[in-house]
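Below is one structure, written out as structure tokens; comments come after it.
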Amino acid sequence: MRRNPYPEREVNEINWNVIKMLIPYLMEFKARIIFALLCLILTKVASVYLPFILKDVVDVLDKQQENKIFLVPFGLVAAYGLVRLSIVLFAEIRDTLFGRVTERAIRRIGLKVFRHLHALDLDFHLNRQTGGLSRDIDRGNSGVSFLMRFMIFNIIPTLLEIVMVIVILFVNYGIWFALITAASIISYILYSVKATNWRTGFIREANKADSSSNTRAIDSLLNYETVKYFTNEEYEANAYDKQLEQWEQAKAKNRLSLFALNGGQALIISVSMTAMLALAAYEVTHQNMTLGDFVLINAFMMQLFIPLNFLGFVYREIKGSLANIEHMFGLLLKTPKVSDDDNAEVLEVSRGVVSFNNVSFAYDKKRPILNNISFDINAGQKVAIVGESGSGKSTLVKLLFRFYDVNDGSITIDDHAIEKVTQHSLRRHIGIVPQDTVLFNDTLFENIKYGNTNASVAEVERAIQLAHLSDFIESLPEGYETKVGERGLKLSGGEKQRVAIARTILKKPPILVFDEATSSLDSHSEQAILNAIKTVAKGHTSMVIAHRLSTIVDSDNIIVMNKGEVVEMGNHHALIEKQSHYYNMWQLQQTQS
Ligand SMILES: Nc1ncnc2c1ncn2[C@@H]1O[C@H](COP(=O)(O)OP(=O)(O)OP(=O)(O)O)[C@@H](O)[C@H]1O
Ligand SMILES: [Mg+2]
């Protein structure tokens with residue numbers, strides 16, 4: 001089941017806050033907005049004026065039998081054409097002017113959401129569902145676009161037009177015409193609002209089903225290989241189809257309710273049209289009105305009900321858009337669990353001493369992972385961390401990078417507590433060759449250059465050499481312009497690790513972390529890489545996590561972990577002499593190799 005991270009709002013209320021949040025994004029192009037509004041007013045005035053010309057044409061033609069002047073009706077028809085043209089033109093100009101405003105707002109909001117997603121903590125990203133998330137953002141963006149266009153250019157002007165027409169009808173034809181129009185419009189709006197609110201639930205259901213089916217599809221495709229290994233194509237297809245079925249059902253309900261909405265609206269329009277025209281016909285036959293008046297009233301009604309009909313659709317879509325935008329803005333309201341202190345300083349590393357002081361940590365309160373860990377890595381030292389799988393070694397690294405805050409104790413670099421410095425400056429000073437390297441779906445060159453986006457080609461090439469990637473790259477037909485595939489899956493594990501090493505060489509941080517950096521290499525390459533690492537790490541503080549103890553024999557200090565605790569500490573000889581945990585691990589590996 002897809003976890004819904006957003007609380008459901010009361011279905012029937014419009015969230016005005018969303019509109020308030022949007023306003024600042026509109027303010028960038030004030031002049032454009034003013035011109036667009038001016039065009040809008042011109043359009044509306046012209047379109048209210050249009051039926052009057054039509055009335056004059058009809059009246060003149062009606063009297064045509066008596067005086068055969070051709071020029072007057074012709075002039076009027078020409079004027080009619082011109083006014084029509086100007087309505088369309090002003091509307092087009094308005095859309096062109098305003099388009100820019102909308103697109104800029106979408107750009108700003110898109111960037112803001114993107115930045116915010118990167119500002120959120122690792123935990124959020126480990127829990128997120130990529131497919132659903134991207135769908136939510138897509139829908140939010142189109143929501144913004146729709147809202148901007150229709151709120152300003154449809155709802156408000158239509159209401160304005162309605163008022164103008166009712167006043168004109170009242171002044172020219174008396175209370176009855178005005179009353180019928182007002183009554184039909186009010187019942188139309190009331191019905192539309194009621195029916196639309198009733199439908200909103202179905203729309204949300206359809207959206208939710210849409211997001212979950214997308215989540216399912218993306219997750220399945222990301223696991224392509226796993227699906228094949230276990231020949232679970234059918235299982236995946238069925239799971240996806242189940243989601244699609246829910247979507248289909250939600251859509252069906254959606255459509256049926258739309259039918260009810262449209263049907264009701266059509267009924268109201270027809271009844272009131274008929275009433276108005278019957279009244280007008282009556283007045284014409286009793287010579288209280290001219291034929292032109294009849295045409296004028298018909299034209300007014302058409303003119304009112306077409307946008308009104310649209311208004312029903314727009315109201316529904318606006319509500320949908322608001323819900324979608326709210327969803328997207330909901331992401332912006334999420335606060336990262338790890339954030340910079342208000343007066344966080346920029347970390348300067350002079351020596352590079354790393355200390356863990358009585359650190360305790362749990363991802364989930366109910367399951368402690370690290371318990372009271374203390375150790376120091378002195379400037380320029382190489383310290384190894386060993387211990388069985390799941391004992392919390394990689395967790396130490398995540399804490400050092402401050403992906404999570406410790407529950408107890410502190411981590412310091414050169415006596416600066418890491419939670420008191422900016423995350424940016426902290427991470428800039430630490431380089432890592434992670435346990436699982438994930439690459440961008442780009443060229444090898446770009447992936448390596450990612451370690452320092454300002455690096456020159458020569459620098460990248462030197463890093464390639466130091467990381468022992470040259471032979472591999474020369475063997476590729478396209479050299480370092482080769483694309484590495486989604487998440488770098490077209491490279492072998494060892495190649496990816498060497499890319500990670502090259503990146504770190506480019507980054508040149510004072511503190512280095514190697515998390516199983518050579519685990520995917522054969523003994524020969526391992527030795528070469530170890531030498532490379534040694535060169536890179538010279539004079540740097542480094543923390544090396546390793547399973548193969550032979551790779552860390554030369555460490556200044558070896559920290560042995562077991563079940564989240566430090567059980568032994570010392571250099572290789574000291575630990576061997578102790579004949580305890582480390583000694584046992586060492587013996588076991590000696591007999592294996
Ligand atoms: N994001 C997370 N949320 C919850 N638990 C986690 C998370 N990441 C890791 N763990 C748990 O924390 C424990 C320690 O994990 P960690 O990755 O630090 O182990 P490790 O010592 O690096 O193991 P290995 O040698 O296999 O890499 C594991 O039991 C793991 O299940
Ligand atoms: Mg690990």
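Read the figures in this text as sums done on the coordinates, not as results from a lab. Since this is a predicted model, take the numbers as computed values, not measurements. A quick note on method: Cβ atoms are made from the backbone with ideal geometry, for glycine too, and the neighbour counts reach across all protein chains shown.
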Taking a straight Cα-to-Cα line shorter than 14 Å from Lys538, and setting aside same-chain aspartates and glutamates fewer than 8 residues away, one finds Asp554, Asp556
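Can you tell me which of 338-346, 201-209 comes out highest on packing, and rank the rest after it, using the mean Cβ neighbours within 10 Å?
Details: 338-346: 12.2, 201-209: 18.9.
Taking the mean over residues of other Cβ atoms within 10 Å, the ranking is 201-209, 338-346.
Can you check what the net charge comes to around Leu588, using other residues whose Cβ is under 14 Å from the Cβ of Leu588 (Lys, Arg +1; Asp, Glu -1)? Intermediate values should be presented prior to the final figure.
Working: positive: Arg548; negative: Glu388.
Taking every Cβ under 14 Å from that of Leu588, the sum is 0.
Between Phe35 and His116, what length in nm is gained on full extension when 0.36 nm per residue of separation is reduced by their alpha carbon distance? The partial results should precede the final answer.
Details: separation 81, 0.36 × 81 = 29.16 nm, distance 3.36 nm.
Roughly 25.8 nm would be gained on extension.
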Report P(r) for region 64-189: all Cα-Cα distances, bin width 5 Å, range 0 to the bin holding the largest distance, values in whole percent.
-> 2, 8, 10, 11, 10, 11, 11, 9, 7, 6, 5, 4, 3, 2, 1, 1, 0, 0
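By per-residue mean of other Cβ atoms within 10 Å, what is the highest-first order of 314-327, 534-547, 266-279?
Numbers: 314-327: 21.9, 534-547: 18.6, 266-279: 15.4.
So the peptides 314-327, 534-547, 266-279, ranked by packing, come out 314-327, 534-547, 266-279.
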Expressed as an acute angle from 0 to 90° and rounded to the nearest 10, what is the orientation of the C-alpha long axis of helix 16-26 relative to the principal long axis of the chain?
-> 80 degrees
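Test of understanding: what is the full-extension gain from Tyr235 to Lys508, defined as 0.36 nm times their sequence separation minus their Cα-Cα distance?
Gain on extension, Tyr235 to Lys508, equals 93.6 nm.
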Short to long, in 10 Å steps from zero, the percent of alpha-carbon pairs of region 475-520 per bin is 23, 50, 24, 3
Crossing angle, helix 71-119 versus the chain [Cα axis fit, 0-90 degrees, rounded to tens] | 20 degrees
Reachable lysines from Lys483, criterion Cα separation under 24 angstrom, eight or more residues apart if same chain = Lys228, Lys449, Lys496, Lys507
Using 0.36 nm per residue of separation minus the Cα-Cα distance, give me the extension gain between Asn562 and Ser492 in nm, one decimal.
-> 22.1 nm
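Please list the equivalent ellipsoid semi-axes of region 439-508, computed as the square roots of five times the alpha-carbon gyration tensor eigenvalues, in descending order and whole angstrom.
So the equivalent ellipsoid measures 16, 13, 11 Å along its semi-axes.
Beyond 21 Å between alpha-carbons counts as too far, so tell me which of Lys398/Lys508; Lys393/Lys563; Lys251/Lys334; Lys337/Lys420; Lys393/Lys490 fall in that bin. Numbers along the way, then the final one.
On the way: Lys398/Lys508 19 Å; Lys393/Lys563 10 Å; Lys251/Lys334 30 Å; Lys337/Lys420 15 Å; Lys393/Lys490 28 Å.
As for pairs spanning more than 21 Å Cα to Cα, those are Lys251/Lys334; Lys393/Lys490.
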How many percent of Cα pairs in the chain exceed 47 Å?
-> 40 percent
Which value in nm describes the separation of the simple spin-label points at Asp415 and Leu221, placed 7 Å from the Cα toward the beta carbon?
-> 5.5 nm
Using 20 Å as the cut-off for backbone N distance, which residues of region 173-188 belong to the label zone defined by a point 7 Å from the Cα of Thr285 along Cα→Cβ?
-> 176-177
